[in-house]
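What follows is a single structure, written as structure tokens, with notes after it.
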Ligand SMILES: [Zn+2]
């Protein structure tokens, strides 16, 4: 395969340091947009061509990712939009223009969310990013045409993936791809270490239960690719994500034990969480301490409503 002095070759070195010998067969190229708010686009080699996961947030970052992918020198067979958050689909039209043969896949729930913008993410990003982001009309024009369901098998020549659909985690729909043969899970944001969870749409209890059940559900799992960080050994990433989400749950339990949350309780919990995870990356273009505070507020409101 082609080795060029790009981010892809650096990412391959990182991948190799985590991979056991059995994993050497799966070639995963990674384009990561710059910090803050770095998001990964993966290009997985198969004998049918590349399978791309996520298309960046902006047209300009999508163009950068496309340039890197073109340098690999293989056709793109498929593009998967794994989650209906803007950092994973905003650049889809740039990918469609560059790789018109590629089939585009997403879950029913993700396609619905893109079509309706029920959470208002598309409108707010369009307002902030202007010409570097699609309008709602453009998103509808480029909707994925292939629907993924939980339990589907996606086959691309010598590589096949099980589709594992997770509702109620980072987003209302999170489409993970699992290669049993390669013991590798593309987990989007369901499991990733070192990244601040985004809790606006999340059912925290359901998310934690999903993370806890993964090792049992996928007993051969060795390597996890998250959406905003480097790949990691599965046991490590799962433990880190559990600790992160459980810290939020404990803080919520403590602050809401009397059924109300005072400003002092909230500020203390946010300070504790920041101290616990000082180096976590920010996401969603929200500065980290503000995101932690918003996370806490969103989850507190969710609990108080459901009581
Ligand atoms: Zn993301």
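The values are calculated or read from the model by the stated rules, or taken from the named source; none is laboratory data. Since this is a predicted model, take the numbers as computed values, not measurements. Note that each Cβ is placed from the backbone with ideal geometry, even for glycine, and that neighbours are counted across all protein chains shown.
Observations on the structure shown:
- Of all residues in the stretch 15-35 being in a loop (DSSP other than H, G, I, E, B), at pLDDT below 85 and surrounded by 12 or more Cβ atoms within 10 Å (Cβ to Cβ), the one that is nearest to the ligand (Cβ to nearest atom): 19
- Residues that are surrounded by 22 or more Cβ atoms within 10 Å (Cβ to Cβ) and either more than 16 Å from the ligand (Cβ to nearest atom) or part of a loop (DSSP other than H, G, I, E, B) (or both) within the stretch 80-94 comprise 81, 82, 83, 84, 85, 90, 91, 94, listed in sequence order.
- For the stretch 146-189, the strands (runs of 3 or more DSSP E) that sit wholly inside it and include 3 or more residues that are crowded, with 21+ Cβ neighbours inside 10 Å and within 16 Å of the ligand (Cβ to nearest atom) are 173-179, 184-188.
- For the stretch 95-106, the candidate set comprises residues that are under 21 Å from residue 154 (Cα atoms) and assigned to a helix (DSSP H, G or I); within that set, the residue that is farthest from the ligand (Cβ to nearest atom) is 96.
- Count of residues meeting criterion [closer than 18 Å to residue 242 by Cβ and part of a helix (DSSP H, G or I)] in the stretch 278-290: 0
- Any hit, the stretch 219-232, residues being touching a residue at least 40 places away in the same chain (Cβ under 8 Å), within 16 Å of the ligand (Cβ to nearest atom) and in a helix (DSSP H, G or I): no
- Some residue of the stretch 254-263 being free of Cβ contacts under 8 Å to residues at least 60 places away in the same chain, in a loop (DSSP other than H, G, I, E, B) and within 16 Å of the ligand (Cβ to nearest atom): no
Condition check ((1) under 23 Å from residue 174 (Cβ atoms); (2) free of Cβ contacts under 8 Å to residues at least 40 places away in the same chain; (3) touching a helix residue (DSSP H, G or I) at 6+ places or on another chain (Cβ under 7 Å)) across all residues:
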| residue | (1), (2), (3) |
| --- | --- |
| 45 | no, no, no |
| 48 | no, no, no |
| 51 | yes, no, no |
| 58 | yes, no, yes |
| 65 | yes, yes, no |
| 81 | yes, no, yes |
| 86 | yes, no, yes |
| 100 | no, yes, no |
| 105 | yes, no, no |
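- Exclusive hit being more than 22 Å from the chain's Cα centre (by Cα), part of a helix (DSSP H, G or I) and surrounded by fewer than 19 Cβ atoms within 10 Å (Cβ to Cβ), set 275, 247, 269, 300: 275
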